[in-house]
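> What follows is a single structure, and I will ask about it in a moment.
The values are calculated or read from the model by the stated rules, or taken from the named source; none is laboratory data. What you are looking at is a predicted structure, and each value in this text was computed from that prediction instead of being measured. Reconstructed Cβ throughout: ideal geometry from the backbone, glycine too, with neighbour counts over all protein chains shown. All accessible areas refer to the heavy atoms of the entire protein, side chains included, with ligands and DNA or RNA removed. Shrake-Rupley method; radii C 1.70, N 1.55, O 1.52, S 1.80 Å.
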Amino acid sequence: MVKSSKTAKLLLDGKEYDLPIMSPTAGPEVLDIRKLYGEAGVFTYDPGFTSTASCDSTITFIDGGKGELLHRGYPIDQLAEHSHYLEVCYLLLYGNLPKPAELEDFENRVTNHTMIHEQMGYLFRGFRRDAHPMAIMTGVVGAMSAFYHDSTDINDPWQREVASIRMIAKMPTIAAMAYKYTIGQPFVYPRNDLDYASNFLRMCFAVPAENYEVNPILSRAMDRIFTLHADHEQNASTSTVRLASSSGANPFACIAAGIACLWGPAHGGANQACLEMLREIGTADRIPEFIKRAKDKDDPFRLMGFGHRVYKNTDPRAKVLKRSADEVLDFLGVNNNPLLQVAKQLEEVALNDEYFADKKLFPNVDFYSGIILEAMGFPNSMFTPIFALSRTVGWISQWKEMIADPQVKIGRPRQLYLGEAPRDYTDIEKR
Ligand code: CMC
C-alpha cells in the first residue's frame with residue numbers, strides 16, 4: 001500500500017483533521033484513520049466492515065463490480081483452467097507460480113505429511129456417530145496443537161512453515177475421517193502415490209473390502225472445487241483467523257476458529273443449506289412460492305446460494321463451476337435428477353426476476369458446488385468440510401502474511417456503547 005499525496009479532510013467541531021489516503025494496487029482508495037482517535041477523540045462506526053479495510057494484503061484481490069477474483073494477480077478462471085490445487089497453494093503461500101523443481105519439492109513435502117498421528121483416531125471415536133463432520137473438524141483441528149507441539153511457536157519461521165504444510169496435507173485426511181466416522185465405516189489411510197484430489201476421493205469412498213479406482217474426470221472436478229475455494233481475501237472466516245492469530249494464538253487453534261466461522265449458513269454453510277433448500281422446494285411447481293418468500297421482507301427465508309457481499313455482477317467462481325457441473329452431471333448421467341432440475345429452473349427464474357436483478361443477487365459458488373458434490377455422492381453434511389479443507393491454504397497464507405508483518409497489533413475493535421449510563425449499585429432488597 002502506497003501513501004498517496006492526497007488527503008481527505010474531516011471537519012469536526014470546527015477543527016480540521018487531515019486523513020491520509022492510501023493508494024492500493026487495485027480497488028478503491030483507503031482513508032487512513034489510525035490516528036483519528038488519538039487526535040480527534042472519535043471512533044468510526046462500521047458493523048459488518050462494509051467500508052473498512054481491516055489489514056493490507058498482497059494475496060488476493062476481488063473486484064466485485066467486474067466479477068473478478070485474482071490470486072497474486074492471476075485470474076481465477078485461468079488458474080481453474082490451467083493450474084491445479086497444489087500449484088495454487090504454492091502461489092498463495094509463496095507469492096509466485098512455482099518452477100518445476102519447486103512444485104515437485106512442495107508436492108513431496110505435502111504428500112509426506114498426509115497421515116495424522118495414530119492417537120488422533122481415538123479422538124474421533126470420542127464423538128457421537130451422528131455428529132456433524134464440521135463439529136468433528138473444528139475439534140480435531142484445534143486438537144492438532146496437542147499433537148504437534150513442535151510446530152506451535154509462531155515466532156519461529158520454520159515452525160510456521162511446518163505447521164502450514166501439516167495442515168494443508170492433513171486436512172483431507174481429517175475431513176475424510178470425519179465422514180467415515182459418521183457413516184460407521186473404517187478409516188481409509190492416505191495413499192501417497194495419488195494426487196491430492198484423488199487421494200481425498202479415495203479416503204472418502206474406498207472400503208477395505210474392495211478395490212477403488214479414482215475416476216480422473218471426478219478427480220479433476222474435485223481439484224477444481226478445491227482450487228476455486230482456495231482463498232477469498234478478508235471474508236468472515238479469514239478475518240476470524242487473523243483476529244484469533246493477532247493475540248499470538250497457535251496456528252492450529254486459529255485455523256479451528258476459521259473452521260467454526262465458516263460453518264455458518266451465511267458463509268461456507270450455504271452449500272449445505274442450498275441443497276437442503278432445493279430438497280424442501282422438491283418440485284419445480286413450488287419454485288414461485290419460494291421466490292415469493294425470498295422477496296418477502298417479513299420472512300427471514302433467503303434463497304441460499306444467491307447473493308454476495310462483494311460480487312455485485314457475477315461470482316467468477318460460480319461461472320467456472322457451472323461449466324464443471326454440466327460436465328460432471330453429463331459424465332455421471334444424472335442430468336435428469338429431479339433435484340438438479342429444480343436447481344436449474346430456480347436459477348433461471350431468479351435470474352429473470354426483477355427483485356434479484358435490482359439487488360444484484362446472482363448464484364454464488366455455493367449454488368453450483370453443492371450440485372456437483374451431491375452428484376459425486378457426497379452427503380450434504382460434507383459440503384462445508386470440503387469448503388474448509390479447500391480454504392485452509394487461504395487461511396494459512398493470510399495468517400503467515402500477518403505474522404510476518406512487524407507492524408501487526410492485536411485486533412481490538414472499539415464499540416458504540418448504547419447501554420446504561422453509570423449508576424450506583426442498589427442493595428437487593430431495594431430493587
Ligand atoms: N435471497 C433473498 N434476498 C437476499 C438474498 C438472498 N439470498 N441475499 C441478499 N438479499 C437481499 C437482502 O434481503 C437485502 O435486501 P434489502 O436491501 O431490501 O434489505 C439485500 O439483498 C442486500 O442483502 P444484505 O444481507 O445486506 O447483503 P450482505 O452483503 O450483508 O449479505 C450474503 C451477503 C451472502 C450473506 C447474502 O446475500 C445471503 O445471505 N445469501 C445467502 C447465503 C449464501 O448463499 N451465502 C454464501 C455466500 S458465497 C460463499 C461464502 O462466502 O462463503
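Yes/no matrix, rows are residues, columns are (1) among the polar types (S, T, N, Q); (2) in contact (Cβ under 8 Å) with a residue 12 or more places away in the chain:
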position	(1), (2)
12	no, yes
19	no, yes
27	no, yes
44	yes, no
47	no, no
51	yes, no
63	no, yes
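> Within segment 224-240, restricting attention to residues that are open to solvent by 30 Å² or more (accessible area, probe 1.4 Å) and of a type in the set (Gly, Ala, Ser), which residue is nearest to the ligand (Cβ to nearest atom)?
Looking at residues that are open to solvent by 30 Å² or more (accessible area, probe 1.4 Å) and of a type in the set (Gly, Ala, Ser), I get 236.
> Please work out if residue 285 is part of a loop (DSSP other than H, G, I, E, B) and more than 30 Å from residue 231 (Cβ to Cβ).
Here the answer is no, as residue 285 does not meet what is asked.
> Under 6 Å by Cβ, and 6 or more places apart or on different chains, what pairs join a residue from segment 357-382 that is within 14 Å of the ligand (Cβ to nearest atom) with one that is charged (D, E, K, R)?
360/312; 363/347; 364/315; 365/315; 365/317; 368/322
> Still on this structure, I have one more. Give segment 397-409 a look and list any residue that's within 10 Å of residue 245 (Cβ to Cβ) and either open to solvent by 30 Å² or more (accessible area, probe 1.4 Å) or of a type outside the set (S, T, N, Q) (or both), or say none.
Selection gives 399, 400, 402, 403, 408.
> Now, a different point. Residues being open to solvent by 10 Å² or more (accessible area, probe 1.4 Å), under 15 Å from residue 385 (Cα atoms) and of a type in the set (S, T, N, Q): count how many of those fall in segment 130-186.
Number of matching residues: 2.
> Then there is this: So, in segment 17-57, of the ones that are hydroxyl-bearing (Ser, Thr, Tyr) and under 25 Å from residue 68 (Cα atoms), which residue ends up farthest from the chain's Cα centre (by Cα)?
Taking the candidates together, the pick is 23.
> Exactly one condition in (1) without any contact (Cβ under 8 Å) to a residue 12 or more places away in the chain; (2) in a helix (DSSP H, G or I) is false for residue 335; which is it?
Single failed check for residue 335: (2).
> Going by what's in this entry, would residue 160 be described as over 27 Å from residue 207 (Cα atoms) and under 21 Å from the mean Cα position of the chain (by Cα)?
Against the criterion (over 27 Å from residue 207 (Cα atoms) and under 21 Å from the mean Cα position of the chain (by Cα)), residue 160 qualifies.
> Going by what's in this entry, would residue 254 be described as closer than 26 Å to residue 300 by Cβ and surrounded by 21 or more Cβ atoms within 10 Å (Cβ to Cβ)?
When the stated conditions are applied, residue 254 does not pass them.
> Further question: Quick test for you: out of 176, 169, 244, 163, pick the one residue that is assigned to a helix (DSSP H, G or I), more than 21 Å from residue 76 (Cβ to Cβ) and touching a His at 6+ places or on another chain (Cβ under 8 Å).
Among 176, 169, 244, 163, only 169 is assigned to a helix (DSSP H, G or I), more than 21 Å from residue 76 (Cβ to Cβ) and touching a His at 6+ places or on another chain (Cβ under 8 Å).
> In addition: Name the residue that is nearest to the ligand (Cβ to nearest atom), counting only residues in segment 308-323 that are aliphatic (A, V, I, L, M) and closer than 18 Å to residue 341 by Cα.
318
> Which of the residues belonging to segment 289-307 are assigned to a loop (DSSP other than H, G, I, E, B), more than 9 Å from the ligand (Cβ to nearest atom) and open to solvent by less than 90 Å² (accessible area, probe 1.4 Å)?
Within segment 289-307, 296, 299 meet the criteria.
> Would you point out which residue out of 262, 243 is within 15 Å of the ligand (Cβ to nearest atom), in contact with a Gly (Cβ under 6 Å, 6 or more places away or on another chain) and of a type in the set (A, V, I, L, M, F, W, C)?
It is 262.
> Also, I was wondering about something else. Which residue is surrounded by the fewest Cβ atoms within 10 Å (Cβ to Cβ), if the candidates are limited to segment 265-282 and must be assigned to a helix (DSSP H, G or I) and more than 10 Å from the ligand (Cβ to nearest atom)?
Checked segment 265-282; the qualifying residue surrounded by the fewest Cβ atoms within 10 Å (Cβ to Cβ) is 280.
> Follow-up. Quick one: how many residues across segment 319-344 are farther than 19 Å from residue 287 by Cβ and either open to solvent by less than 20 Å² (accessible area, probe 1.4 Å) or within 18 Å of the chain's Cα centre (by Cα) (or both)?
6
> Could you check how many residues of segment 383-414 are in contact with a Phe, Trp or Tyr (Cβ under 8 Å, 6 or more places away or on another chain) and away from the ligand (no atom under 16 Å from the Cβ)?
Selection size over segment 383-414: 1.
> Is it the case that segment 247-257 has a residue that's among the β-branched types (Val, Ile, Thr), under 21 Å from residue 227 (Cα atoms), in a loop (DSSP other than H, G, I, E, B) and more than 9 Å from the ligand (Cβ to nearest atom)?
No: segment 247-257 contains no residue that is among the β-branched types (Val, Ile, Thr), under 21 Å from residue 227 (Cα atoms), in a loop (DSSP other than H, G, I, E, B) and more than 9 Å from the ligand (Cβ to nearest atom).
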